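Written below as structure tokens is the structure these notes are about.
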Amino acid sequence: MNLPVDRTGVNWLFLDLNAFFASCEQQDDPGLRGKPIIVAQMLADTTSAIAASYEAKAFGIKTGTRVRDAKQMCPNLTVVKAKHQRYSFYHERILEAVDTCIPVERVMSIDELACKLMGKEREIPVARELANRIKRTIRERVGDCLRCSIGLGPSIFLGKVGSDLQKPDGLVVITPDNLPDILLPLKLTDIYGIGSRMETRLNRAGIMSVADLWAASSTTLRRVWGGVQGVLFHQMLHGVDIQPQSSQFSRSLGHQHVLEPELRTAEGARNFAHHLLSKAAERLRNKEYYCRRLSLHLRWMGELASWSNETSFQETRDTSFLLGRLEELWSGMPAYKPLSVGVTLLDLVPAQHHQPDLFGEQERPSRLAPLVDDLNRRFGRNTVGFGKVPNEVQKFTGHAAFQRVPESWEF
């Protein structure tokens, strides 16, 4: 069934902060403004850029470019070590600034948010002025370097697409009346939600361009996506103000980290895995979840493949128990030089649905972990831990990942 499309105005304002991490660095350090910079997790040629300023992007550098390659592409490049707590700080200040203009309806990620337009705000001239006011307010309250692109559209989906059409500092309006013409110059992978794998599946169905995508029926897209998600995509592409329903509960929770050069040993990776798992277990308790599976993942230096392993158990959120299971997984790790390490807690169960261990084997130690959490929050990160944490590992706190904004207690 096709839902009706509202043609009376725009429903959503979607804001995308431009080169956010790099812009925060330029805002903090005037000496970096107007210069090509990249942000990396560490100052090592073997790692990759997690953000690039627009001056660096002009040389073809982008997120994921190896630092060594980026330096060759731009000899006067400046590499800055990521300061994730600062990015979370700027994120909060931007939310406050936007909220003085219009309530923030949804925080999509650390550098994206959406605002629901109501009443006269939905009229395009009014919505345009609101968007420009938001841009001015961010510059005045947060900083001149924090630029954003804004998409106005009938849905969050098309607002997001619009925000990608003009960068940096763009403002694009998408309405049912300028569809599909405004989308036709794009490549399939320029459309939000279509990656390289989905592009391949679309091509196999005979959909080679955005024009083909627009002309495809909801039945065809349901077949390509393998379910109702394809029908929802068809409706959102055509301007229906809906969003796919997300799961009520999180399915997984974890951390990963590219190791500093001095930690690229079996012992260094093991220590860091312990540190990451302790942080993940603390987040698990803070969010009131239990887990049933633990996964360990490593990538190797050079051209060698990655390795992963996992284990299952009765529901738990006890750090000591999880660290013991991590040791069991670690015993099977191949003897290669590690580049990165990651741990993930899976099959999460909300606390209100927790089924206690019949024999209480995993329940008894769980009283200690909350006490450790409380001491660390009162007296600082790593005040108390489970086992000895080397100094070079303790300095790692939290990552402001694009898809997750850390809470202040994580730093």
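The values are calculated or read from the model by the stated rules, or taken from the named source; none is laboratory data. This structure is a prediction, so every number in the text was calculated from the model and none was measured. All Cβ positions, even for glycine, are placed from backbone atoms using ideal geometry, and neighbour counts span all protein chains on display.
Descriptive notes on the structure:
- Condition met for LEU77 (farther than 21 Å from CYS148 by Cα and buried (at least 16 other Cβ atoms within 10 Å of the Cβ)): yes
- Among the residues of segment 294-350, just one is among the hydrophobic types (A, V, I, L, M, F, W, C), part of a loop (DSSP other than H, G, I, E, B) and closer than 20 Å to LEU284 by Cβ, namely LEU348.
- Residue pairs whose Cβ atoms lie under 9 Å apart, sitting 6 or more positions apart in sequence or on different chains, and linking a residue in segment 319-333 that is under 22 Å from TYR289 (Cα atoms) and in contact (Cβ under 8 Å) with a residue 12 or more places away in the chain to a partner that is in a loop (DSSP other than H, G, I, E, B) and among the charged types (D, E, K, R), are PHE321/GLU361.
- Selection status of LYS35, basic (Lys, Arg) and over 26 Å from SER340 (Cα atoms): yes
- Meets criteria (assigned by TED's automatic domain parsing to the domain that holds GLN355, in a loop (DSSP other than H, G, I, E, B) and either of a type in the set (D, E, K, R) or surrounded by 15 or more Cβ atoms within 10 Å (Cβ to Cβ) (or both)) for TYR290: no
- Any hit, segment 268-276, residues being under 20 Å from the mean Cα position of the chain (by Cα), over 15 Å from TYR336 (Cα atoms) and modelled with pLDDT of 85 or more: yes
- Tally of residues being over 24 Å from the mean Cα position of the chain (by Cα) and touching a residue at least 60 places away in the same chain (Cβ under 8 Å) across segment 277-318: 1
- Close pairs from segment 96-113: first closer than 28 Å to ALA52 by Cα and part of a loop (DSSP other than H, G, I, E, B), partner of a type in the set (D, E, K, R) and modelled with pLDDT of 95 or more, Cβ under 8 Å, at least 6 apart: ASP111/ASP16
- Those residues of segment 168-182 which are part of a loop (DSSP other than H, G, I, E, B) and either on the phi > 0 side of the Ramachandran plot or of a type in the set (S, T, N, Q) (or both), in sequence order: ASP169, THR175
- Evaluation of GLY324 against the conditions (1) within 30 Å of ARG66 (Cα to Cα); (2) modelled with pLDDT of 90 or more shows that the sole unmet condition is (1).
- Of all residues in segment 151-171, those that are without any contact (Cβ under 8 Å) to a residue 40 or more places away in the chain and buried (at least 23 other Cβ atoms within 10 Å of the Cβ) have Cβ atoms under 9 Å from Cβ atoms of residues that are outside any strand (DSSP E or B) and among the charged types (D, E, K, R), 6 or more apart or on another chain, in VAL161/ASP190.
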